[in-house]
Amino acid sequence: MTTPTKDRSEYWRKNIGIITWCLVVWALVSLGAGILFAPMLNGFSIGGYPLGFWFAQQGSIYIFIILIFYYAWRMNRLDREFDVHEE
Amino acid sequence: MDLQTLSIIAVGLTFVLYIAIAIWARAGSTSEFYVAGKGIHPTLNGMATAADWMSAASFISMAGIIAFAGYAGGAYLMGWTGGYVLMALLLAPYLRKFGKFTVPEFIGDRFYSTTARTVAVVCLLVISLTYVIGQMRGVGIAFANILNLSVEIGLYVGMAIVFVYAVLGGMKGITYTQIAQYVIMIFAYSVPAIFISLQITGSFLPQIGLGGNIAGSDTHMLHALDQTMVDLGFGPYTDRVAMGRWNMFLLTLSLMIGTAGLPHVIVRFFTVPKMSDARSSAGWALIFIALLYTVAPAVGAMAIFNLANTVHPGVEQGQPVADPESNLPIDQQPEWMTRWAQTGLLAVDDLNGDGRIQWYNDKNATYVAEVAEPAGWAGNELTVNNDIMVLANPEIAALPNWVAALVAAGGIAAALSTAAGLLLAISSSVSHDLLKGIFMPTISERSELRAARISMGVAIVVAGYLGLNPPGFAAQVVALAFGLAAASLFPTLMMGIFSKRINKEGAITGMLVGLITTMVYIFLYKGWFFIPGTNPLPDDASGWILGINPLGFGVIGALLNFATAYVVAGMTKPTPAAIQDLVENVRVPRQA
């Protein structure tokens, strides 16, 4: 049996929504906090790290990891919701 | 035992291990040869991907590049890791669902055109061949610098080892070897880093140490480093952007997109069993990469801090740098400095003949006028190669010889693992895309497997030849590889999945526009085909269009690719219904 078209486009619409939010965070932490707003953020610090410098050389990488696992977890749930998951 | 003997033993043991894996993991079918039979656990694939990705440059040079660039070195750290988010969200799961063997194969099927497939093969070959030259060279140089053997011997030995496990095992052999290489590489990188961090900051974890205090004081290490770098005319370490913020932005984004579009990394995600595994496997890959990439900036900062304080011992105590007592007498250099001077990676030249070393930024005109000239300095007297920051670490930290031997094995593992991944991408696109896909579609499975092995052998010989006789542009080509991956393959793959409107006409013109504009923009500043002196425009901020550094052009090429594809697709026949179904099919893991 094939998936009803409506279900399939709903699944894809939700996926695009999750991707969009993840990519907004992705851009904000790296291109935003790590580069564009770094001079401003360097006024704050985390331990001995100026905050903008921390985002550019440490923080972005940690947040990237969290983003990928969040996306993987969220999509696994979505796959089950729409009953399209692989066994 | 002396360092050389120990290093040769360490490297020799790793080679025995790689050959043992090769014998155990032979490939019996084309599926095993191209994609390891799609049976690799996502965590193990993450580890193999990390080794595939982290090259000799990541292992040996990156810490030094960051040390000399300071804050702006973050462009490489964010660019080369941020690409995995794009890959996990936009490409890897769908290409895995498509379920075939190569990246050009997807492009050919999705855009129902052997022309599209051929253009993709050309992009793949340009990207991977330029990249592999640097890796083969990296194997040779690691041998030369660490084991005191010639670059040629290192290269031949490296070729022979890769030949055994890549020809026998294909992707299957390469995967298990890469897992072993990752373990060796990360252990070799971490041990000296932990000791350096303990020595300088008293903290066991380099990531904490970098943000911590100098051991036995309450001054932040980075704060002291900022001050020292200002004293030497380089500008504050944590806020130095020599390339300019606009170019840091473009370079970061171009490296991210380029990373996501590198075919030898994408195919690693074809080896996991399921679509959901491809998503999580990218996360695992990034964890394993981060174990090195979050340590590298700490190693770089601590090593340069240590170097500054060695050469200008008075500065840390607050003496003015112009005071002769602040500068190290040449005859009192520590042993590691004199040892590395023999390799040419470090050079001292007493320009003003005062018997002391002055290391400072002689390109900083204000500093030269206000500090250097009044003090009687005649120019910077110390030149340090980027690679020293990692290679000399064990000696700087006074660690036993076996640690230095481990670093040798780690550097060679990093170069071999990346070379093997690239060679697989090259050989499978020759045997599967060109031979089976275009010239001899009726070839049997057994003949194709033989062809795959032969093309692997040929690829190794070609890469080895280019490594021995590097074209003059070897240093520039890695930037070219990332720019081309960003401008040609990434946008086309992404549109193939996310837009049903894009037809073959759109995809082909888009890829060509991305490829050609990026190449031309790089050639304008680096010379046509990198021939020195043929560049029509000067390669500095005065000549760059809109101030765009050619290294950061990939993102612009990608935008041109997207725009061209949409315009052309809008003016030509829509995508056939069967292809629209194919797109629907790769978007979901399974039909309900």
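The values are calculated or read from the model by the stated rules, or taken from the named source; none is laboratory data. Just so you know, these numbers come straight off a predicted model, no measurement behind them. Backbone-built Cβ (ideal geometry, glycine too); neighbour counts: all protein chains shown.
Could you name every one of the helices (runs of 4 or more DSSP H) located completely within region B:86-157 that has at least 3 residues being within 14 Å of chain A (Cβ to nearest Cβ) and either surrounded by fewer than 24 Cβ atoms within 10 Å (Cβ to Cβ) or not hydrophobic (A, V, I, L, M, F, W, C) (or both)? If you could, list the steps in order and put the result at the bottom.
Values: elements: B:92-98, B:103-110, B:114-147.
In region B:86-157, B:92-98 are the helices (runs of 4 or more DSSP H) which contain 3 or more residues that are within 14 Å of chain A (Cβ to nearest Cβ) and either surrounded by fewer than 24 Cβ atoms within 10 Å (Cβ to Cβ) or not hydrophobic (A, V, I, L, M, F, W, C) (or both).
Looking at region B:254-361, what helices (runs of 4 or more DSSP H) fall wholly within it and have at least 3 residues that are within 29 Å of the chain's Cα centre (by Cα) and in contact (Cβ under 8 Å) with a residue 40 or more places away in the chain? Because the criterion is at least 3 residues that are within 29 Å of the chain's Cα centre (by Cα) and in contact (Cβ under 8 Å) with a residue 40 or more places away in the chain, the helices (runs of 4 or more DSSP H) in region B:254-361 that meet it are B:263-266, B:275-293, B:296-311, B:335-343.
Could you check region B:22-84 for helices (runs of 4 or more DSSP H) lying wholly inside it with 3 or more residues that are within 14 Å of chain A (Cβ to nearest Cβ) and either farther than 24 Å from B:Gly258 by Cα or within 17 Å of the chain's Cα centre (by Cα) (or both)?
B:42-53, B:62-69
Does B:Ser197 satisfy being under 30 Å from B:Leu13 (Cβ atoms), within 14 Å of another protein chain (Cβ to nearest Cβ) and either among the aliphatic types (A, V, I, L, M) or assigned to a helix (DSSP H, G or I) (or both)? It is true that B:Ser197 is under 30 Å from B:Leu13 (Cβ atoms), within 14 Å of another protein chain (Cβ to nearest Cβ) and either among the aliphatic types (A, V, I, L, M) or assigned to a helix (DSSP H, G or I) (or both). Which residues, taken from region A:9-24, are among the aliphatic types (A, V, I, L, M) and either without any contact (Cβ under 8 Å) to a residue 12 or more places away in the chain or more than 9 Å from chain B (Cβ to nearest Cβ) (or both)? Once the filter is applied, which keeps residues that are among the aliphatic types (A, V, I, L, M) and either without any contact (Cβ under 8 Å) to a residue 12 or more places away in the chain or more than 9 Å from chain B (Cβ to nearest Cβ) (or both), region A:9-24 yields A:Ile16, A:Leu23, A:Val24. In summary, B:Ile516 fulfils each of the numbered conditions (1) surrounded by 23 or more Cβ atoms within 10 Å (Cβ to Cβ); (2) without any contact (Cβ under 8 Å) to a residue 40 or more places away in the chain with the single exception of condition (1). Please work out if B:Ala301 is under 30 Å from B:Trp377 (Cβ atoms), modelled with pLDDT of 90 or more and not hydroxyl-bearing (Ser, Thr, Tyr). For B:Ala301, the condition - under 30 Å from B:Trp377 (Cβ atoms), modelled with pLDDT of 90 or more and not hydroxyl-bearing (Ser, Thr, Tyr) - is met. If you go through region B:265-301 and keep only what is crowded, with 24+ Cβ neighbours inside 10 Å and among the polar types (S, T, N, Q), you end up with B:Thr271, B:Ser280, B:Ser281.
Of all residues in region A:25-35, those satisfying the criterion of being over 27 Å from B:Ala278 (Cα atoms) and facing chain B (nearest Cβ under 7 Å) are A:Gly34, A:Ile35.
Of the residues making up region A:13-27, not a single one is part of a helix (DSSP H, G or I) and either at positive phi or touching a Pro at 6+ places or on another chain (Cβ under 7 Å) (or both).
Taking the criterion of being of a type in the set (Val, Ile, Thr) and under 19 Å from B:Leu291 (Cβ atoms), the only residue of region B:204-221 that qualifies is B:Ile208. Selection of region B:422-471 for residues being β-branched (Val, Ile, Thr) and over 25 Å from the mean Cα position of the chain (by Cα) yields B:Ile438, B:Thr442, B:Ile443, B:Ile454. With respect to (1) modelled with pLDDT under 85; (2) buried (at least 24 other Cβ atoms within 10 Å of the Cβ), the lone exception for B:Gly173 is condition (1). Right, B:Leu382: within 30 Å of B:Gly355 (Cα to Cα) and either modelled with pLDDT of 90 or more or in contact with a Cys (Cβ under 7 Å, 6 or more places away or on another chain) (or both) or not? Yes; evaluated as a whole, the condition is true for this residue.
Only one entry of B:Ala20, B:Ala36 meets the criterion of being surrounded by fewer than 21 Cβ atoms within 10 Å (Cβ to Cβ) and more than 28 Å from A:Phe53 (Cα to Cα), and that entry is B:Ala20. Checking each residue of region B:497-510 against the condition of being within 14 Å of chain A (Cβ to nearest Cβ), part of a helix (DSSP H, G or I) and surrounded by 19 or more Cβ atoms within 10 Å (Cβ to Cβ) gives at least one match.
If the condition is being in a loop (DSSP other than H, G, I, E, B) and within 14 Å of chain A (Cβ to nearest Cβ), then region B:534-592 contributes B:Val588, B:Pro589, B:Arg590, B:Gln591, B:Ala592. Looking only at region B:522-544, decide whether some residue is among the β-branched types (Val, Ile, Thr) and touching a Gly at 6+ places or on another chain (Cβ under 6 Å). The answer is yes, given that some residue of region B:522-544 is among the β-branched types (Val, Ile, Thr) and touching a Gly at 6+ places or on another chain (Cβ under 6 Å). Only one of the numbered conditions (1) more than 10 Å from every other protein chain (Cβ to nearest Cβ); (2) free of Cβ contacts under 8 Å to residues at least 24 places away in the same chain; (3) part of a helix (DSSP H, G or I) is violated by B:Asp226, and that is (1).
Give the residues of region A:39-78 that are facing another protein chain (nearest Cβ under 7 Å) and assigned to a loop (DSSP other than H, G, I, E, B), sorted by residue number. Matches in region A:39-78: A:Asn42, A:Gly47, A:Gly48.
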